[in-house]
Amino acid sequence: TQNSSMCPSIDDFRNQVYSTSYSLIFVLGFVGNSFALAVLIKTLHQSSPFHVYMMNLALSDLLCVMTLPLRVLYYVRKGRWEQGDFLCRISSYFLYVNLYCSIYFMTAMSVTRFLAIVFPVKNLQLVTVNRARIVCLCIWIFSSLTSSPFLMSGQHVDPSTNKTKCFEPPKHASNRLPKLQALNYMGLILGFILPFLIIILCYAGIIRTLLSRTPATRRQHGSAQKAIKMIVIVLLTFLVSFMPYHVQRTIHLNFLSKEGTSCSEQTFMHKLVVVTLCLAASNSCFDPLLYFFSGEGFRSRLSSLRQTMRNSTMHRSVKLKPISSANGENHQLDAN
């Protein structure tokens, strides 16, 4: 058995990858989701259940990316936390609340799309804006409560370096491991496997219904194209962001409770933690694609917003024109 403290540190790799990735995710996530949220708020009068889920997803992503600059600061300072215990706890908490809110909002969007295509008549009675709002409220409460254990661990002082630490993964054979493993299995089943199964079943139903339609009917239904784009984006987000993170987290926690691991194994595992956590945080960058390509009339909302802004600009310039022409006449009179 090799003690992890005797193994070469991956701190330089970790600090570089985290600070670069989180900076990029912050910029892309903040711009994309702020823009989407602005469009969705401006066109609130055209509300639909899908619109409600999109708004909540954008809000959840913004909450998450707002905490990333604190992480960037921590890794730029080479693992020294100077922002206090409260911000340490809240930054970890918001990352996990967003992660599971994103998964559940995507699941709700998939179920909504499934009902609209497979049961179009029942859908009108089942899926309403008010029901969508209640579902969103339940998702927020559930994600906030199930992520609350992350509020329990805050900053701590590393006795070997005397540095104040935050966001640190558990050490080998830590006494926190049994509790973390139990939390992980709960998160894995309720927060990943169950929603993923629901999404797969919804998409199987959607594809089956679309394939049973005649080509002429398929062309008439714009919802078919939106559904296919949504399937591609959501599955990509799950396969790139959520799956590697949940699989690796489970393997890593089991690995930490094992005895007799070599330094190369420990280094490899720690590097995988860094890469998969960055991928998990990157889900905030995928979501704006979801609004733009499969959002219910998102592009038409965007063009109507553009048209409204253009009309108001023209209205303003028309108001100003008589004043400038009157000034022109005055100049001519002065010249005579």
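Here, each number is a calculation from the coordinates, and none is a lab measurement. The structure displayed is predicted, hence computed values, not measured ones. Glycine also receives a Cβ, built like all others from the backbone with ideal geometry; neighbour counts cover every protein chain displayed.
Go through segment 126-135 residue by residue and turn each phi into a ³J(HN,Hα) via Karplus (6.51, -1.76, 1.60, θ = phi - 60°); whole Hz please, and just put x for glycine and proline.
Values, residue by residue: 6, 9, 10, 4, 5, 5, 4, 5, 5, 4 Hz.
Using per-residue counts of other Cβ atoms within 10 Å, averaged over each peptide, order 283-290, 254-261 from highest down.
Highest to lowest by the protection proxy: 283-290, 254-261.
Arranged from highest to lowest average of other beta-carbon atoms within 10 Å per residue, in what order do the peptides 118-124, 43-49 appear?
43-49, 118-124
Does segment 14-294 come out rounded, prolate or oblate by the C-alpha gyration tensor, with a ≥ b ≥ c the root eigenvalues, rounded set by a/c under 1.5 and, if not, prolate when a/b is larger than b/c and oblate if not?
It is prolate, given that a/c is not under 1.5 and a/b is the larger ratio.
Using only the Cα atoms of segment 1-146, build the gyration tensor, take square roots of its eigenvalues as a ≥ b ≥ c, and label the shape rounded, prolate or oblate: rounded if a/c is under 1.5, else prolate if a/b is larger than b/c, else oblate.
Prolate is the answer for segment 1-146, as a/c is 1.5 or above and a/b outweighs b/c.
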